[in-house]
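*Asks:* Here's a structure for you.
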Amino acid sequence: MFDTLSDKQMIDVVSNNVIGRLGCHADGKTYVVPISYAYDGDYIYARTFDGMKLTMMRKNPHVCFQVDRMQNMADWESVIIWGTFEELTDEAGRTNGLKILLSRILPNISSKTVKLTPEWPFPTNDFNRIDGVVFRIHIKEMTGRCEKLDLDLYKR
C-alpha cells in the first residue's frame, strides 16, 4: 500500500540517515551522486572536494536531494528535497557546518570521506585542518512517499 509521509515522518527519515543522493544540473547535463550528510532541522550539510558536482552547483545552485529508508522492496520510505546550494566560505559558517557534520551519529564502520579528521571520532579544535569545501542545502520543499507491506495480500 502506497502512502504519503507526514512532515514528522519525513524529518525522521532525513534525520536518521547519513547517506543521500544529490542531484544537480548545469550545461544541459544532470548529475546524481551519493553523499554523506548531516541534517540540523533547517539545512542539509555536506563536505566535498573540487569536481563535477561542485562545478555544477556553482553554475546552478538549484538542487534536489533524496534519502531512502528501506526494509525491503515492499516496505520503504523515500524523501525528496528541493533546495538551494550555499557554499560556506566565511570562517564562522564553515566552522559551524563542520561542527554539525562532526556531531552526527555515524555507523562504526564508515568510509574515509565521512571521517573529517585523522582523529575521528574525536573532535578537533582546529577546523582549518579539515580540507575540502563545506556547503549546505537551504531546503525549500520536501515531499515523501512510502510503501508498507500489505499483509492482507498474504492471508489466504
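*Asks:* Once the piece of chain linking K59 and K29 is laid out straight, how much longer is it, given 0.36 nm per residue of separation minus the C-alpha distance between them?
*Replies:* Gain in length upon complete extension: 9.6 nm.
*Asks:* Let me ask something else. Stretch M70-M52 to full length: gain in nm at 0.36 nm per residue minus the Cα-Cα span?
*Replies:* 3.6 nm
*Asks:* For segment 26-108, rounded, prolate or oblate, judged on the Cα gyration tensor with a ≥ b ≥ c (square roots of eigenvalues), a/c < 1.5 rounded, else prolate if a/b > b/c?
*Replies:* It comes out oblate by the Cα gyration axes.
*Asks:* Just add up the charged neighbours of M56: K/R +1, D/E -1, any other residue whose Cβ is under 9 Å from the Cβ of M56.
*Replies:* Once all neighbours under 9 Å are counted, the net charge is +3.
*Asks:* Moving on to the next point. Determine the alpha carbon to alpha carbon distance for each of K59/K140; K29/K140; K8/K29; K53/K148; K29/K99; K53/K99 and list only those over 29 Å.
*Replies:* From K59/K140; K29/K140; K8/K29; K53/K148; K29/K99; K53/K99, over 29 Å: K8/K29; K53/K148; K29/K99.
*Asks:* Please identify every one of the chymotrypsin sites (Phe, Trp or Tyr not before Pro) in segment 1-60 that sits in a loop by DSSP and has no more than 15 other beta carbons within 10 Å of its own beta carbon.
*Replies:* Those satisfying the criteria are F49.
Here, each number is a calculation from the coordinates, and none is a lab measurement. Worth saying up front: this structure is predicted, and the values here are computed from it rather than measured. With ideal geometry, Cβ positions are generated from the backbone for all residues, glycine too; neighbour counts draw on all protein chains shown.
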